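Notes follow the structure.
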Amino acid sequence: MRAAVLALLAEQPRHGYEIISEISERSGGFWRPSPGSIYPTLQLMADEGLVVSRDEGGKKLFELTDEGRATAERQVGAPPWEQIADEVDPSEVSLRKSGATLAAAAMQVSQAGTSSQKKRAVEVLNEARRALYEILGETTSEDEEDE
């Protein structure tokens, strides 16, 4: 967590929720830290003299001190979110993106579709759900290799 916060604050000052969003976006959604992990980390880093905060529009804006910048510069290797993204199976990334785009399409039908279109969309989604569970029930040669 600390390495990610240092890397992001080295780019620019940020609010806590901006840090959460940026980590999530850069990791492709595979790492979304909670406020319960970000804010204690920021407080600890403030206690260590690595960051300072100031109020901006009712929110705390965090930025690195000179010591914090020096610490960030000493970090080696890929940023933590890249390490996490590199460890993820590419098919997992594709599956999540497809699920997200399907959910977005369903939301559009929900908001703009006619009653008839909504009923058809429910049928399509129910069939997709059934088909996905059917896939899980299949045994593949890859599954047999894992055993």
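The values are calculated or read from the model by the stated rules, or taken from the named source; none is laboratory data. Keep in mind it's a predicted model, so treat the numbers as computed, not measured. Using ideal geometry, Cβ is built from the backbone for each residue, glycine included, and neighbour counts are taken over all protein chains shown. We work out accessible area using only protein heavy atoms, side chains counted, and drop any ligands, DNA or RNA first. Shrake-Rupley method; radii C 1.70, N 1.55, O 1.52, S 1.80 Å.
For segment 81-125, the share of accessible area belonging to carbon and sulfur comes to 57 percent (1.4 Å probe, ligands and nucleic acids excluded).
Which whole-number percentage describes the relative contact order of segment 1-146, with Cα contacts under 8 Å and a sequence gap of 6 or more?
Rounded, it is 23 percent for segment 1-146.
When P(r) over Cα pairs in 5 Å bins from 0, in percent is calculated for this entry, the matching label among (1) 2, 8, 13, 17, 17, 16, 13, 9, 4, 2, 1; (2) 2, 8, 15, 18, 18, 14, 9, 6, 4, 4, 2, 0; (3) 2, 8, 13, 14, 12, 10, 10, 10, 8, 7, 5, 1, 0 is (3).
Net charge near THR71: determine it from the other residues with C-beta under 12 Å of the C-beta of THR71, scoring Lys and Arg +1 and Asp and Glu -1. Here the count lands on -1. Using the Cβ of VAL122 as centre and a radius below 15 Å, the other residues enclosed give a net charge of +3, where K and R count +1 and D and E count -1. Accessible surface for GLU123 stands near 120 Å², nearest 10, in the context of the full protein assembly shown (1.4 Å probe). Relative to the longest principal axis of the Cα atoms of the chain, the long axis of helix 115-137 lies at roughly 80 degrees.
Ordering ALA131, SER91, SER115 by Cα displacement along the dipole of segment 86-141 toward the positive end leaves SER115 in first place; charges were set at the Cβ atoms of Lys, Arg (+1) and Asp, Glu (-1).
Our helix-only sum for the chain, with -39,500 (n - 2.57) per DSSP H run of n ≥ 4 divided by its residues, gives a mean residue ellipticity at 222 nm of -22000 deg cm²/dmol.
FRET efficiency for the THR65 to GLN111 pair, using the beta carbon distance and R₀ = 41 Å, is estimated at 0.30. Rolling a 1.4 Å probe over the protein heavy atoms gives the chain an accessible area of 69 Å² per residue. Among the lysines, select those whose C-alpha is under 30 Å from the C-alpha of LYS118, and discard any that sit fewer than 8 residues away in the same chain. Excluding near neighbours in sequence, the set is LYS97.
Relative to the Cα centre, what is the charge dipole magnitude of the chain, using +1 at the beta carbon of each Lys and Arg, -1 at the beta carbon of each Asp and Glu, and rounding to the nearest 20 debye?
Dipole about the Cα centre, nearest 20: 1120 debye.
Expressed as a whole percent, the accessible surface of segment 15-60 that belongs to carbon and sulfur atoms is 50, based on a 1.4 Å probe.
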